[in-house]
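**Student:** Structure provided below as structure tokens; questions to follow.
Where a number appears in this text, it was derived from the coordinates with a stated rule and is not lab data. Note that this is a predicted model, so its numbers are computed, not measured. Here the Cβ positions follow ideal geometry from the backbone for every residue, glycine too, while neighbour counts run over all protein chains shown.
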Amino acid sequence: MPELPELNPVIHGKLRLALLSLLIGVEEAEFTWLRSKTGSTDGNLGAQLTKLEEAGYVAVKKKFVQRKPQTLYRMTEAGRQALTEYVQALKQLLGGSMD
Amino acid sequence: MTGNAEELELKDRLSLIETMIAEGRRTTASWGWVFVLWGLAYYIAIAWDNWGGHSPWAWPVTMTATFALTAALSMRQVAIRPRTTISRAIASVWIAMGISMFVLFMSLGISGRLADEHGFVAVVAAMLGTANATSGMILKWKMQLACALVWWTLTGYACFAQGKQLTFAYLAAIFFCQIVFGIYGMIMEARMRTQGAVHA
């Protein structure tokens, strides 16, 4: 019998998983857009994004648009790979119950 | 699996991934107002040109002012919306068309070779037909493809129409493909926005 895979703990957090899933569909996204889509608070969102950045799953870029500071996030190749592996592991764990 | 609760939690995670991917890809940009704005700008330029003693400044001034207004208002929107490959592709089509029109008609106007109204309308309609068709094909949006057909019909018609017939046809195309289509787009965008956030 094949060994059951372990789920990546960095991605498994609900908000972090939501953030990576949002970022996989866009080239880059602003902090406020991520906040509006997830409905989270500034503090929690910032903390979870920092964890993803430390894991190398998202890259951050800061810039000024019309003299207002903007923080843009984009998914890295490592993040894309990690999310793909997470989904595969999830499907394997759920097995036949997905039908 | 060790238990039903754990299995439900894993299914919940899978569902969250699917919902968020769909949410991220959902086009939420607001561009309907741009069509309405440019439709009104065309009307202003036509009115100024016809009732302002065929002023050579009617088109350059109106188009430049509208371009500046569009750029300023778009900047606010682009700053908060996420950039997707599709949104970049569509924006590229319209920006390229706008630059082509600006360079062509500004040069023709300054050199005094913009005398033929039929040729002018035919080229404008052909360019708008191309941009609407490209955008409509990318978005798989039949309404926009219908607008492209209207512009292409006007391109052919402009070459054969007589006198005031062309002016009426041009005004009608602007009304349906800019004003009506723009308002329709704004209604669609408002409906999408009211669906709200998907909380994680």
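**Student:** Could you calculate the FRET efficiency of B:ARG191 with B:ASP116 from 1/(1 + (r/R0)^6), where r is the beta carbon distance between them and R0 is 35 Å, rounded to 0.05?
**Tutor:** 0.25
**Student:** Here's another thing I want to ask about it. Do you know the relative contact order of the range B:31-171, to the nearest whole percent, from alpha carbon pairs under 8 angstrom that are 6+ apart?
**Tutor:** 18 percent
**Student:** For the protein assembly as shown, compute the number of Lys pairs whose alpha carbons are separated by less than 19 Å, excluding pairs fewer than 8 positions apart on the same chain.
**Tutor:** 8
**Student:** Right, another one. Of B:THR194, B:SER100, A:VAL10, whose Cα points farthest to the positive end of the dipole of the protein assembly as shown (charges on the beta-carbon: +1 Lys, Arg; -1 Asp, Glu; origin at the Cα centre)?
**Tutor:** Farthest towards the positive end: B:SER100.
**Student:** With each label point set 7 Å from Cα along the Cα-Cβ vector, what nm distance links B:GLU7 and B:ARG25?
**Tutor:** 2.9 nm
**Student:** Mind putting a number on the dipole of chain A about its Cα centre? Charges go on the C-beta only, +1 for Lys and Arg and -1 for Asp and Glu, and I need it in Debye to the nearest 20.
**Tutor:** Charge dipole, chain A, about its Cα centre: 640 debye, nearest 20.
**Student:** For the range A:24-99 and the range B:1-64, write down the distance between their C-alpha centroids in whole Å.
**Tutor:** 23 Å
**Student:** I've got another one for you. At a Förster radius of 30 Å, what calculated FRET efficiency corresponds to the Cβ-Cβ distance of B:VAL103 and A:GLU77, to the nearest 0.05?
**Tutor:** So the FRET efficiency works out to roughly 0.15.
**Student:** Also: In debye to the nearest 20, how big a dipole does the protein assembly as shown give about its Cα centre with +1 on each Lys and Arg Cβ and -1 on each Asp and Glu Cβ?
**Tutor:** That gives the protein assembly as shown a dipole magnitude of about 720 debye.
**Student:** Counting pairs of alpha carbon atoms under 8 Å apart in space and at least six apart in sequence, what relative contact order in percent does the range B:6-70 give?
**Tutor:** The value is 25 percent.
**Student:** Count the net charge of all other residues whose Cβ sits under 13 Å from the Cβ of B:TRP59, scoring Lys and Arg as +1 and Asp and Glu as -1.
**Tutor:** Spelling it out: positives minus negatives among the neighbours equals -2.
**Student:** Now a separate question. Charges at C-beta only: +1 for Lys and Arg, -1 for Asp and Glu. How large is the resulting dipole of the range B:30-193 about its Cα centre, in Debye rounded to 20?
**Tutor:** Roughly 680 debye, rounded to the nearest 20.
**Student:** How do B:169-179, A:77-87 rank on mean C-beta neighbours within 10 Å, highest first?
**Tutor:** B:169-179, A:77-87
**Student:** With a 10 Å cut-off between alpha carbons and a GNM built on chain B, which of B:THR66, B:THR85, B:THR155 moves the most?
**Tutor:** Of the options given, B:THR85 has the highest mean-square fluctuation.
**Student:** Percent of Cα-Cα pairs more than 31 Å apart in chain B, please.
**Tutor:** 30 percent
**Student:** So what is the relative contact order of chain A, in percent, for Cα pairs below 8 Å that sit 6 or more residues apart?
**Tutor:** 34 percent
**Student:** Helix check for chain B. Which DSSP H runs span at least 27 Å along their own axis by Cα, with a mean Kyte-Doolittle hydropathy no less than 0.5?
**Tutor:** B:32-51, B:58-80, B:85-111, B:117-139, B:142-160
**Student:** Select from B:SER135, B:SER15, B:SER30 the residue whose mean-square fluctuation is largest in a Gaussian network model of chain B (Cα-Cα springs shorter than 10 Å).
**Tutor:** So, out of B:SER135, B:SER15, B:SER30, the one fluctuating most is B:SER15.
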